[in-house]
Amino acid sequence: MRLTRVRTVVAGAGALLLAAAGLSGCGLTSGSPLADSVQPGSIGKGRPLEGAQLTVTSKEFTEQIILGQIMGLVFKAAGAEVLDRTNIQGSIGAREAVKSGAADGMYEYTGTAWITYLGHTKPVVDPYEQWEAVRDEDRRNGITWLPAAPLNNTYALVANRANAQKYRLRTLSDVARLTKKDPGAATICGGSEFSVREDGLPGVAKTYGFALRRGNFKKMDDGIVYTQVAKGAACTLGVAATTDGRIPELELKVLEDDRHFFPNYNAAPEMNSATMRKYPAIADVLAPITKRLTGAEAQRLNARVDVDGEDPHEVAKDWLVREGFIQEG
């Protein structure tokens, strides 16, 4: 996944939320009906959503677009007419669309909801307990959270295999050791947002005791980080999203967050509660899909887009057909 996810610094969340109406209005001016001819496979038998008109949305990065297409296609196979309003810039616009009812649902991350939308500063370590906390607290906002996927798209530091072996890097505690024993080698490539966010570099440096030299965090576009780390010249380490398909493609090593600093970002259907009261069958339609979405599966799907250049909609449909969830025709 590209690190274009907006996990807003908590202090700034209120201002961004105040601007949400404008963003959502702007983001939802586009959209088109899903025209695919798809039928129930293992899900959607009896077409329980026949007669429903549902709108799906997503943020603008690869994994989000794929997940939005997956949700739309399974709704379509279950009998609904579906309006595709995926690819909304940033987190806030898509979130507000679901909250207001301008969209009926999307896949969102529990950590994003917990920190960015609900304003907490400390993550819940256990993934299920974090999902429960988000589900319970977000109910007052008219949002229903369905069970989360194993897919956990959190932050990580990565290194190429040669540097990981050379500097004996297995955990983030090893990075802290490197910053003190060999500070010249402790260089990190990452996006500018990560460098200032409390759930980014300042927080992880404080938790682990990084003694990073001034200038040793090299800011660059998130998408470039992976190739720079793979080359190992510009930086020893890079900031990555754990479900990005370029990690296995470039054989990068993900370092263990041994003090559990980074929040869990498990993907889960975030649905408008009024929609769920009208169409409760949505829960059963989505449950098998969500259960099958693992981090490894997300990496494979994301790589087909980011590495192989395939279309996210076709990747989503091909996966659903191959897994037997839906059928074409």
Of 283, 271, 210, which is farthest towards the positive pole of the range 203-285's charge dipole, taken about the Cα centre with +1 and -1 on the beta-carbons of Lys, Arg and Asp, Glu respectively?
210
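Which FRET efficiency, nearest 0.05, do residue 221 and residue 283 yield, Cβ-Cβ r, R0 41 Å?
FRET efficiency, residue 221 to residue 283: 0.60.
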Summarise the accessible area of the chain (1.4 Å probe, protein heavy atoms) by the percent that is carbon and sulfur.
50 percent
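With the cut-off at 27 Å, tell me which of the pairs 219/317; 218/317; 45/99; 99/122; 45/317; 122/181 have Cα atoms farther apart than that. Mind dumping the intermediate values first?
On the way: 219/317 36 Å; 218/317 38 Å; 45/99 29 Å; 99/122 24 Å; 45/317 17 Å; 122/181 30 Å.
Pairs exceeding the cut-off: 219/317; 218/317; 45/99; 122/181.
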With all protein chains present, calculate the accessible area of residue 305 using a 1.4 Å probe and round the result to the nearest 10 Å².
20 Å²
Whole-number percent relative contact order across the chain, with pairs defined as alpha carbons under 8 Å at least 6 apart:
27 percent
For residue 241, enumerate residues with amide H under 5 Å from its amide H, sequence gap 5+ or separate chain, H modeled in the peptide plane.
none
What residue among 121, 79, 241 has its Cα farthest toward the positive end of the dipole of the chain, where the charges are +1 on Lys, Arg and -1 on Asp, Glu, each on the Cβ?
121
Obtain the nm distance between the two label points defined at residue 260 and residue 162 by a simple spin-label model: each point lies 7 Å from its Cα along the Cα-to-C-beta direction.
3.7 nm
For Cα extents along the principal axes in Å, with candidates [x] 72, 57, 32; [y] 65, 39, 33; [z] 63, 55, 37, the value calculated from the shown model is option [y]
Which whole-Hz couplings ³J(HN,Hα) result when phi for each residue of the range 82-93 is put into the Karplus expression 6.51 cos²θ - 1.76 cosθ + 1.60, θ = phi - 60°, listed in order with x for Gly and Pro?
10, 9, 8, 10, 7, 6, 8, 5, x, 7, 5, x
Cut-off 15 Å between beta-carbons: net charge of the residues surrounding residue 73, Lys and Arg +1, Asp and Glu -1
-3
Partners for residue 253 among aspartates and glutamates (Cα-Cα distance below 18 Å; same-chain residues under 8 apart left out):
174, 222, 244, 297
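If we count every other residue with Cβ under 9 angstrom of residue 108's Cβ, Lys/Arg +1 and Asp/Glu -1, where does the sum land? The partial results should precede the final answer.
Numbers: positive: 59, 95; negative: 270.
Taking every other residue near residue 108 into account, the sum is +1.
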Return the distance in nm (one decimal) between the two label points of a simple spin-label model at residue 294 and residue 122, each offset 7 Å from Cα along Cα→Cβ.
3.3 nm
Got a sec to turn the phi values of the range 306-313 into Karplus ³J(HN,Hα) couplings, 6.51 cos²θ - 1.76 cosθ + 1.60 with θ = phi - 60°, whole Hz, x for Gly and Pro?
6, 9, 8, x, 7, 7, x, 5
Given points 7 Å out from each Cα along the Cα-Cβ axis, report the residue 322 to residue 185 separation in nanometres with one decimal.
3.9 nm
Added length on full extension, which subtracts the Cα-Cα distance from 0.36 nm per residue, residue 47 to residue 136
29.1 nm
Taking square-rooted eigenvalues a ≥ b ≥ c of the alpha carbon gyration tensor, is the range 250-329 rounded, prolate or oblate, where a/c under 1.5 means rounded and, failing that, a/b exceeding b/c means prolate?
oblate
Taking Cα pairs under 8 Å and at least six residues apart, what relative contact order does the range 108-198 come out at, in percent?
14 percent
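Quick one: of the DSSP bridges fully inside the chain, what percent are antiparallel, nearest 5?
Values: 21 of 34 bridges.
Antiparallel bridges make up about 60 percent of those DSSP assigns within the chain.
Multiply the residue gap between residue 196 and residue 274 by 0.36 nm, knock off their C-alpha separation, and tell me the result in nm, one decimal place. Intermediate values should be presented prior to the final figure.
Numbers: separation 78, 0.36 × 78 = 28.08 nm, distance 3.75 nm.
Full extension from residue 196 to residue 274 adds 24.3 nm.
The values are calculated or read from the model by the stated rules, or taken from the named source; none is laboratory data. Since the model is a prediction, treat every value here as computed from it, not as a measurement. Every residue, glycine as well, gets a Cβ built from its backbone with ideal geometry; the counts of neighbours run over all protein chains shown. These accessible areas exclude ligands, DNA and RNA; they are computed on the full protein's heavy atoms, side chains included. Shrake-Rupley method; radii C 1.70, N 1.55, O 1.52, S 1.80 Å.
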